[in-house]
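Shown next, in structure tokens, is the structure this report addresses.
The values are calculated or read from the model by the stated rules, or taken from the named source; none is laboratory data. Quantities reported herein were computed from a predicted structural model and do not represent experimental measurements. Here Cβ is always computed from backbone atoms with ideal geometry, including for glycine, and neighbour counts include all displayed protein chains. Quick note on the areas: whole protein, heavy atoms, side chains included, nothing else; ligands and nucleic acids left out. Shrake-Rupley method; radii C 1.70, N 1.55, O 1.52, S 1.80 Å.
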Amino acid sequence: MLNLAKYGILSPGWNISSLPADSHGPQSGNLSESKEKGMQQEDECKRNQLRALNWIQVTHTLTGGGGRSFVLFQKIVKAGDKDLDGQLDFEEFVHYLRDHEKKLRLVFKSLDKKNDGQIDSQEIMQSLRDLGINISEEQAEEILKSMDKNGTMSIDWDEWRDYHLLHPASNIPEIILYWKHSTILDVGESLIVPDEFTAEELQSGMWWRHLVAGGGAGAASRTCTAPLDRLKVMMQVHASKNNSMRITGGFLQMIREGGVRSLWRGNGINVIKIAPESAIKFMAYEQIKRLIGSDQETLGITERFVSGSLAGAIAQSSIYPMEVLKTRLALRRTGQYSGIVDCAKHIIQKESVAAFYKGYVPNMLGIIPYAGIDLAVYETLKNSWLQRFATDSADPGVFVLLACGTTSSTCGQLASYPLALVRTRMQAQASQEGPQMSMTSLFRHIIRTEGPTGLYRGLAPNFMKVIPSVSISYVVYESLKIRLGVQSK
């Protein structure tokens with residue numbers, strides 16, 4: 001039981017368990033009227049003192065001051081201040097302690113793998129490893145030393161509770177909250193493993209606001225970088241040893257053929273497919289998590305990879321005809337199609353419905369290297385930052401988040417690019433002269449006629465759009481998040 005007297009808040013003998021939920025202080029019982037009146041006055045005095053405490057006073061009262069304590073107790077006030085008056089009164093403080101102690105009890109039980117009422121360094125390492133966070137034994141021991149009062153190199157419930165009760169930052173939810181990746185950053189590809197959401201975000205409905213903000217950000221970034229995306233598609237399909245299409249020459253060729261507006265061909269369907277794909281991927285990801293029997297707030301890396309890859313495959317299968325339409329519209333000549341519906345009609349009439357799934361196999365295979373490498377690189381960079389720099393908060397800041405996301409996405413694209421190129425050529429085959437080739441035949445043909453570098457045609461404009469895509473999507477995401485009322489801790 002928590003003894004509040006040692007914090008200088010209540011008189012000796014008071015503790016959190018002795019306070020009834022509907023009470024603000026101890027009960028008088030059968031005490032005489034004078035004693036009862038005296039206790040009531042004393043209790044009222046204590047309550048008034050607590051009501052008067054602002055953020056700085058709370059910090060100094062409970063910890064004796066210090067810059068780090070000030071940051072921590074800003075969080076306590078923010079977590080416990082129900083009436084949003086910037087002050088922590090008695091009722092709010094008691095409510096915060098009750099609620100936080102329940103959460104700490106659940107976390108302690110999940111860490112206590114041996115069920116012996118003690119947590120040691122191996123249990124800490126194993127628990128974090130399950131969540132994809134790798135630390136050394138020395139680092140685990142440092143964590144123990146900060147909480148271990150009696151030098152046993154293990155911590156019991158009392159030590160755990162006393163250390164964490166006045167530290168409101170719960171690390172795993174903070175990591176989930178601040179390190180969102182696929183929702184915030186849009187590089188034009190949709191094969192990234194979906195982000196985790198905290199239990200609070202799922203219960204409050206905040207998750208759909210994140211998805212809407214991410215969809216709007218993706219639409220803005222894809223529209224701004226559409227000329228580079230169309231150039232990439234043109235180079236993937238038309239560039240060869242005999243037709244060495246360059247970036248400048250490619251842009252001039254597109255403008256001469258259809259004017260400046262032609263640079264945005266295929267962008268409409270590319271934006272439209274964001275909403276159904278994001279929704280399907282999110283729902284599939286949550287269902288797959290339940291099917292694999294995970295009741296944790298976040299999954300380990302292997303579970304995330306499997307769940308994310310399957311969810312991505314389901315989403316891609318559902319909207320793949322839109323991918324084919326995007327490629328055909330990006331490659332169309334002036335006057336060839338009047339719009340998205342006209343393009344779909346032409347494909348059905350001339351090629352049958354099966355044409356909407358050309359290139360499906362290399363697209364599905366591309367999910368594995370893209371999602372796997374992107375996730376592995378991102379988690380490695382995230383863990384490295386958390387181990388070195390995460391002291392009071394898991395918030396990495398804008399620069400670190402963008403740098404990690406850009407690096408991991410670039411690595412994922414580089415690994416899966418040959419499959420993406422083959423997919424695009426297969427999608428475009430019907431509109432090109434020559435025989436229709438299978439995936440393996442097309443691979444062999446490219447290697448034989450162009451060499452290994454032929455599998456990376458269009459890579460330059462693809463990488464050129466990464467940094468502007470990430471920057472634009474982040475700025476728009478943050479703006480939409482504010483408009484939609486998404487709260488940041």
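A few points about this structure:
- In region 100-131, of all residues being closer than 21 Å to LYS145 by Cβ, assigned to a loop (DSSP other than H, G, I, E, B) and open to solvent by less than 60 Å² (accessible area, probe 1.4 Å), the one that is modelled with the lowest pLDDT corresponds to ASP112.
- LEU455 vs. criteria under 21 Å from GLY250 (Cα atoms) and open to solvent by less than 50 Å² (accessible area, probe 1.4 Å): yes
- For region 357-382, the set of residues classified as in a helix (DSSP H, G or I), within 14 Å of GLN429 (Cβ to Cβ) and open to solvent by 20 Å² or more (accessible area, probe 1.4 Å) consists of TYR357, TYR360, VAL361, listed by residue number.
- Boolean, SER146 is over 30 Å from TRP207 (Cα atoms), out of contact with any Cys (no Cβ under 6 Å at 6 or more places or on another chain), modelled with pLDDT of 75 or more and of a type in the set (Ser, Thr, Tyr): no
- Scan region 312-335 for residues that are charged (D, E, K, R) and not in a loop (DSSP other than H, G, I, E, B) and the total you get is 3.
- You will find that of LEU325, LEU329, the residue that is surrounded by 18 or more Cβ atoms within 10 Å (Cβ to Cβ), touching a Phe, Trp or Tyr at 6+ places or on another chain (Cβ under 9 Å) and under 27 Å from ALA284 (Cα atoms) is LEU325 and no other.
- Test: PHE305 is closer than 29 Å to PRO452 by Cβ, open to solvent by less than 70 Å² (accessible area, probe 1.4 Å) and modelled with pLDDT under 90: yes
- Residue match in region 220-237 (condition: in a helix (DSSP H, G or I), free of Cβ contacts under 8 Å to residues at least 40 places away in the same chain and over 22 Å from GLN336 (Cβ atoms)): no
- Meets criteria (open to solvent by 20 Å² or more (accessible area, probe 1.4 Å), assigned to a helix (DSSP H, G or I), in contact with a Leu (Cβ under 9 Å, 6 or more places away or on another chain) and free of Cβ contacts under 8 Å to residues at least 40 places away in the same chain) for PHE251: yes
- Test: residue in region 168-182 that is part of a loop (DSSP other than H, G, I, E, B), more than 30 Å from VAL476 (Cβ to Cβ) and modelled with pLDDT under 60: yes
- Contacts under 6 angstrom Cβ, first residue in region 468-483 being farther than 14 Å from GLY405 by Cα, partner hydroxyl-bearing (Ser, Thr, Tyr), 6 or more apart: none
- Selection status of VAL341, open to solvent by 20 Å² or more (accessible area, probe 1.4 Å) and more than 30 Å from ILE255 (Cβ to Cβ): no
- Looking across region 459-470, the residues that are crowded, with 16+ Cβ neighbours inside 10 Å and closer than 13 Å to CYS224 by Cα come down to LYS465, VAL466, SER469, VAL470.
- Selection of region 409-463 for residues being outside any helix (DSSP H, G or I), under 17 Å from ARG328 (Cβ atoms) and at pLDDT 90 or above yields only GLY458.
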